[in-house]
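Read through the structure below, which is laid out as structure tokens, and then see the notes.
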Amino acid sequence: MTKEVFEKDFKTKPFILTFANGAKDWVETEHWTLESLTTVYHDWVLGAGKSLDIVYNGGKGDTNRTFSEFVEEMRNREVPADDFTYLFDRNFYFNSSLPETINVPDFLFKEGDPILFIGSSGTGASWHKHMPAWNGVVFGQKRWFIYPIHRAPPGGLYSFTPTAWLDYIYPKLQSADKPLECVQNAGEIVYVPESYYHSVLNIGETIAISIQTKEVTTKTEAEFYSAMDAHYLATTTENEDTMAVEYDRADKVYTDLHFLYPYNTDIMAHLSEIACERGDAVRCERILDHILTIDPWAINSLKLRSRVFYDRKNFSLSERDITTALSMHPKSKTLLRERANFLWNVRKSESKRAYQKVLSVLDPNTKEAEEIQDLLKITDFGPEMEQRLTTDSTMRDVDLKDEL
């Protein structure tokens, strides 16, 4: 394929490239084995993270470890793959000698934002989107799920790990609602256009490299990033005038995008967050109702609507929404914690069991697990607390350090 053909016919379409001799046609594979990488870069510090945390962190691993430490953990893991860390590093590639070992087709960009991926079976990245990118698998396989910009993934972003989405949402989808999907084999390259939502699941031990462009290429994505920047400024500034201006700017851009893509629930979710943050509960609830009409599995929208109902002291509807969300993702740490917090605020005598369920899905060695264990040891969960708690008009996240 020539650059001209790519620009004219393929730049805005996802596709998979295959090679007659597999990875050997575009990479010197002997430099990319786990053994070779560990030998050469054993003490290099790289970023790693879990599938949801990587996306929350803007596409970066949020914990650091040496290459050797990561490989040892991966080879000796004792936790489910869904909870295991995935090497997802943006700094390593261009600092290493590996660029000298790669020769991808000319129409694929060589410069940009590189990401080295190494993960065991079941790890991956949850739903997200970004600028154009190609992703080449040197060893292993990846299963891809892709939606175009006009349709955000069912269940929403920042909600399901790849395996949880595959377990809880995918089987419920009608054929017309299912994503584009493929299995990428070793030696193949997948190209993902700008603004396409995608989630990726590793099959077997996988080593891959990706390069994303650093600049947006479409007006739609430029507007999306503009709105995100404005929303961030609104939530971080201490100047009330600046806050109002930035909220207005974010709201206007997201509203314009909503008119372009009326069924994109990701855009609507941003609008609902802005409405709630500005204290417009009526508008927030209306938007959330619309989201849930389109996507009944949008668990983060159910969680936010639960809080809106709580603030109105409509505890029955608040509990209904958080319980419904949990029925769709019964192992969600976030939702289990949300329900435990709800019960702490409303029916404290029932919250003990709820916090025990939270503990059942947490790594016992984490700080959060230790704090919950301490809370369970010293707290009186008797029913005499309930009258005082149900008169509290504000749903609060329980800060365990304050309670201990």
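The values are calculated or read from the model by the stated rules, or taken from the named source; none is laboratory data. Note that the coordinates shown come from a computational prediction; the quantities given were computed from them, not determined experimentally. Don't worry about glycine lacking a Cβ; one is built from the backbone with ideal geometry, like all the others, and counts go over all protein chains shown. To get the accessible areas, we keep the full protein, side chains included, count just its heavy atoms, and leave off ligands, DNA and RNA. Shrake-Rupley method; radii C 1.70, N 1.55, O 1.52, S 1.80 Å.
Data for the structure
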| item | result |
| --- | --- |
| Complete set of residues in the range 346-356 that are buried (at least 18 other Cβ atoms within 10 Å of the Cβ) and within 21 Å of HIS329 (Cα to Cα) | SER351, ALA354, TYR355 |
| Of the criteria (1) in a helix (DSSP H, G or I); (2) open to solvent by 50 Å² or more (accessible area, probe 1.4 Å); (3) under 22 Å from LYS129 (Cα atoms), which one VAL245 fails | (3) |
| Some residue of the range 178-192 being in a loop (DSSP other than H, G, I, E, B), of a type in the set (A, V, I, L, M) and at pLDDT 95 or above | yes |
| Test: residue in the range 45-60 that is assigned to a loop (DSSP other than H, G, I, E, B), of a type in the set (S, T, N, Q), within 30 Å of TYR168 (Cβ to Cβ) and in contact with a helix residue (DSSP H, G or I) (Cβ under 6 Å, 6 or more places away or on another chain) | no |
| Subset of the range 209-228 [part of a helix (DSSP H, G or I) and either surrounded by fewer than 15 Cβ atoms within 10 Å (Cβ to Cβ) or touching a residue at least 60 places away in the same chain (Cβ under 8 Å) (or both)] | LYS219, THR220, GLU221, ALA222, TYR225, MET228 |
| Among (1) surrounded by 18 or more Cβ atoms within 10 Å (Cβ to Cβ); (2) at negative phi; (3) touching a Ser or Thr at 6+ places or on another chain (Cβ under 8 Å) - the single one GLY124 does not satisfy | (2) |
| Filtered residue count, the range 158-179, keeping only those that are over 17 Å from TYR86 (Cβ atoms) and open to solvent by 20 Å² or more (accessible area, probe 1.4 Å) | 10 |
| Which listed residue, of THR39, THR29, is closer than 18 Å to SER97 by Cα, of a type in the set (Ser, Thr, Tyr) and open to solvent by 90 Å² or more (accessible area, probe 1.4 Å) | THR39 |
| Pairs where the first residue, in the range 238-262, is free of Cβ contacts under 8 Å to residues at least 40 places away in the same chain and the second is outside any helix (DSSP H, G or I), C-beta under 8 Å, 6+ apart | MET243/THR237; GLU246/THR237; TYR247/ARG278; LEU257/ASN264; HIS258/ASN264 |
| Failed item, numbered, when ALA275 is tested on (1) open to solvent by less than 20 Å² (accessible area, probe 1.4 Å); (2) closer than 26 Å to LYS172 by Cβ | (2) |
| Selection count where residues are part of a helix (DSSP H, G or I) and open to solvent by less than 60 Å² (accessible area, probe 1.4 Å), scope the range 6-26 | 3 |
| Some residue of the range 308-327 being touching a helix residue (DSSP H, G or I) at 6+ places or on another chain (Cβ under 9 Å), among the hydroxyl-bearing types (Ser, Thr, Tyr), at pLDDT below 90 and open to solvent by 10 Å² or more (accessible area, probe 1.4 Å) | no |
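Residue-wise test of (1) out of contact with any Gly (no Cβ under 7 Å at 6 or more places or on another chain); (2) acidic (Asp, Glu); (3) surrounded by fewer than 18 Cβ atoms within 10 Å (Cβ to Cβ); (4) under 18 Å from THR206 (Cα atoms).
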{"position": "GLY49", "(1), (2), (3), (4)": "no, no, no, yes"}
{"position": "ASP62", "(1), (2), (3), (4)": "no, yes, yes, no"}
{"position": "MET74", "(1), (2), (3), (4)": "yes, no, no, yes"}
{"position": "ASN91", "(1), (2), (3), (4)": "yes, no, yes, no"}
{"position": "GLU111", "(1), (2), (3), (4)": "yes, yes, yes, no"}
{"position": "ILE115", "(1), (2), (3), (4)": "yes, no, no, yes"}
{"position": "ILE118", "(1), (2), (3), (4)": "yes, no, no, yes"}
